[in-house]
Amino acid sequence: MSDSAAYRVLARKYRPQRFSELIGQDAMVQTLGNAIKRGRLAHAFLLTGVRGVGKTSTARLIAKALNCVGPDGQGGPTIDPCGLCEPCLAIAEGRYIDVVEMDAASHTGVDDVREIIEAVRYAAVSARYKVYIIDEVHMLSKNAFNALLKTLEEPPPHVKFLFATTEVNKVPVTVLSRCQRFDLRRIAADALAAHFAAVVEKEGASAEPEALTLIARAAEGSARDGLSILDQAIAHADMEGGAVSAAQVRDMLGLSDRGAVRRLLGHLLGGEAPDALAALREQHDLGVDPVGVLRGLLEAARGRLPCRGQRLRSQPSRRHRLHGSRPIFLLLSSSCGTAASGCSRSSCTISLGSSATRRQCSPSGPPRRSTRVSSAIWPPP
């Protein structure tokens with residue numbers, strides 16, 4: 001078999017195998033650990049969150065934790081499965097007979113659920129618990145959910161249900177009330193960047209810190225998305241020991257560099273509508289996503305605004321500058337959602353043109369003092 005056929009993508013190669021390897025889900029891990037130690041394990045768990053935060057991986061880890069027997073074969077349920085015993089190895093490889101994974105997107109009907117209802121009556125073959133992992137559970141039909149309700153409410157003591165979904169709002173309330181729910185959070189960009197740096201080191205590659213930061217931001221809180229981008233970036237780098245550079249990542253993802261964003265924001269603050277639209281057209285010709293331009297402007301505008309509680313009485317010139325940038329920030333914030341929903345180029349063009357025009361038409365002098373602004377903190381609560 002050739003190396004290309006044996007290659008495993010980073011998202012699969014670095015799937016968490018222990019709870020300590022889960023990123024940014026400390027509250028859930030602590031809750032599960034305490035439940036295992038106190039013997040207060042629920043019979044059904046619902047894991048929800050955006051793509052790539054570890055829902056299916058967490059479900060497999062829970063199955064490991066419930067069925068781990070330790071290296072000596074005498075262990076019990078633990079939040080830190082050994083990864084060496086037969087149950088742990090078999091679950092990791094997806095061949096354990098007592099851990100059943102079902103994709104609800106392709107098994108949506110009552111007949112599929114009926115098979116589960118019939119099978120739960122029988123004891124596990126070799127495991128401590130028979131575990132059913134149903135991924136994308138919101139795809140089940142209404143009749144399938146109704147058929148599962150009774151078994152889900154009063155399952156046999158040897159059965160555990162683990163549900164994973166990205167759209168928890170589509171899961172019936174009658175199912176939610178029978179499960180212990182965990183909302184997996186988006187992973188912070190700095191935590192993702194640190195994780196990617198460790199992965200790059202293990203892969204024997206090299207990458208600039210700024211490049212890893214760009215990848216972490218583009219991942220939008222998803223470890224799987226970020227690892228997929230990192231995989232592509234490593235392949236995009238030079239063959240002869242070249243590091244993954246920030247410029248290469250920008251070209252690959254179609255991101256706008258910070259200098260262009262700052263210049264565009266300067267045109268907006270100066271009320272230079274033609275120059276702002278010309279800069280936007282230049283970014284569009286380079287292949288930059290208009291929504292990415294708006295998000296970059298939002299970050300730059302947010303950096304110009306002080307945090308809540310910061311007083312500006314001693315800096316009248318800075319207060320005047322912020323008085324002009326705050327309406328631009330509010331306008332960009334309201335238009336970013338519109339641009340993301342469709343017609344992004346038109347929405348972005350209208351937004352920037354309106355922002356520059358508003359700044360151009362604003363009074364040239366400092367803002368008049370009012371009771372709300374002068375006696376309070378900027379921005380007002």
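The values are calculated or read from the model by the stated rules, or taken from the named source; none is laboratory data. Here the structure is a predicted model, which is why all the values come from computation and not from measurement. Methodologically, a virtual Cβ is constructed for each residue, glycine included, from the backbone with ideal geometry; neighbour enumeration extends over all protein chains shown.
Can you run down the residue pairs with Cβ atoms below 6 Å, 6 or more apart or on separate chains, where the first is in segment 162-185 and in contact (Cβ under 8 Å) with a residue 12 or more places away in the chain and the partner is outside any loop (DSSP other than H, G, I, E, B) and aromatic (Phe, Trp, Tyr)?
That search, which allows pairs on different chains as well, returns Leu162/Phe45; Pro172/Phe145; Val175/Phe145; Gln180/Phe45.
Based on what the data block shows, is Lys142 over 30 Å from Leu253 (Cα atoms) and among the basic types (Lys, Arg)?
Working: over 30 Å from Leu253 (Cα atoms): yes; among the basic types (Lys, Arg): yes.
When the stated conditions are applied, Lys142 passes them.
Quick check: is even one residue across segment 76-90 among the β-branched types (Val, Ile, Thr), at pLDDT 90 or above and part of a helix (DSSP H, G or I)?
So in segment 76-90, the residues among the β-branched types (Val, Ile, Thr) come out as 78-79.
Right, trim to at pLDDT 90 or above and you get 78-79.
Pick out the ones that are also part of a helix (DSSP H, G or I) and you get none.
No; the residues of segment 76-90 include none that is among the β-branched types (Val, Ile, Thr), at pLDDT 90 or above and part of a helix (DSSP H, G or I).
Would you pick out the residues in segment 184-206 that are assigned to a loop (DSSP other than H, G, I, E, B) and farther than 16 Å from Ile229 by Cα?
Narrowing segment 184-206 to residues assigned to a loop (DSSP other than H, G, I, E, B): 184-188, 203-206.
Those that are assigned to a loop (DSSP other than H, G, I, E, B) and farther than 16 Å from Ile229 by Cα: Leu184, Arg185, Arg186, Ala188, Gly204.
So, in segment 63-75, how many residues would count as being in contact with a helix residue (DSSP H, G or I) (Cβ under 7 Å, 6 or more places away or on another chain) and at pLDDT below 90?
First, pick out the residues of segment 63-75 that are in contact with a helix residue (DSSP H, G or I) (Cβ under 7 Å, 6 or more places away or on another chain): 63-65, 67-69.
From what's left, at pLDDT below 90: none.
Of the residues in segment 63-75, 0 are in contact with a helix residue (DSSP H, G or I) (Cβ under 7 Å, 6 or more places away or on another chain) and at pLDDT below 90.
On the given criteria, is Ala59 more than 28 Å from the chain's Cα centre (by Cα) and in the same structural domain as Lys13 (by TED's automatic domain parsing)? Outline the logic, then answer.
On the way: more than 28 Å from the chain's Cα centre (by Cα): no; in the same structural domain as Lys13 (by TED's automatic domain parsing): yes.
For Ala59, the condition - more than 28 Å from the chain's Cα centre (by Cα) and in the same structural domain as Lys13 (by TED's automatic domain parsing) - is not met.
I'm trying to understand the selection: among the residues of segment 148-170, which are more than 22 Å from Leu41 (Cα to Cα) and at pLDDT 95 or above? Even if it seems obvious, please write down each step before you answer.
Filtering segment 148-170 for residues more than 22 Å from Leu41 (Cα to Cα) gives 166-167, 169-170.
Selection gives nothing.
Is segment 222-242 home to any residue that is assigned to a loop (DSSP other than H, G, I, E, B) and within 18 Å of the chain's Cα centre (by Cα)? I'd like the intermediate steps shown before the answer.
We begin by selecting, within segment 222-242, every residue assigned to a loop (DSSP other than H, G, I, E, B); these are 222, 237-242.
Now restrict to residues that are within 18 Å of the chain's Cα centre (by Cα): 222.
So far as segment 222-242 goes, yes, one or more of its residues are assigned to a loop (DSSP other than H, G, I, E, B) and within 18 Å of the chain's Cα centre (by Cα).
Among the residues of segment 73-80, are any closer than 30 Å to Arg186 by Cβ, more than 24 Å from the chain's Cα centre (by Cα), surrounded by fewer than 22 Cβ atoms within 10 Å (Cβ to Cβ) and free of Cβ contacts under 8 Å to residues at least 60 places away in the same chain?
Yes, because at least one residue in segment 73-80 is closer than 30 Å to Arg186 by Cβ, more than 24 Å from the chain's Cα centre (by Cα), surrounded by fewer than 22 Cβ atoms within 10 Å (Cβ to Cβ) and free of Cβ contacts under 8 Å to residues at least 60 places away in the same chain.
Filter segment 207-217 down to the residues that are part of a helix (DSSP H, G or I) and surrounded by fewer than 21 Cβ atoms within 10 Å (Cβ to Cβ), then identify the one that is nearest to the chain's Cα centre (by Cα).
Filtering segment 207-217 down to residues part of a helix (DSSP H, G or I) leaves 209-217.
Filter once more, keeping what is surrounded by fewer than 21 Cβ atoms within 10 Å (Cβ to Cβ): 209-210, 213, 217.
Working: Pro209: 20, Glu210: 20, Thr213: 15, Arg217: 10 Å.
Of everything passing the filter in segment 207-217, Arg217 is nearest to the chain's Cα centre (by Cα).
Take the residues in segment 32-68 that are free of Cβ contacts under 8 Å to residues at least 40 places away in the same chain and within 17 Å of Asp98 (Cα to Cα); name whichever of them is surrounded by the most Cβ atoms within 10 Å (Cβ to Cβ).
Step one: of segment 32-68, the residues free of Cβ contacts under 8 Å to residues at least 40 places away in the same chain are 34-35, 38-40, 64, 68.
From what's left, within 17 Å of Asp98 (Cα to Cα): 64, 68.
Values: Lys64: 28, Cys68: 24.
Of everything passing the filter in segment 32-68, Lys64 is surrounded by the most Cβ atoms within 10 Å (Cβ to Cβ).
Might you let me know whether segment 173-185 holds any residue that is surrounded by 15 or more Cβ atoms within 10 Å (Cβ to Cβ), closer than 30 Å to Ala223 by Cα, within 21 Å of the chain's Cα centre (by Cα) and of a type outside the set (D, E, K, R)?
Scanning segment 173-185 turns up at least one residue that is surrounded by 15 or more Cβ atoms within 10 Å (Cβ to Cβ), closer than 30 Å to Ala223 by Cα, within 21 Å of the chain's Cα centre (by Cα) and of a type outside the set (D, E, K, R).
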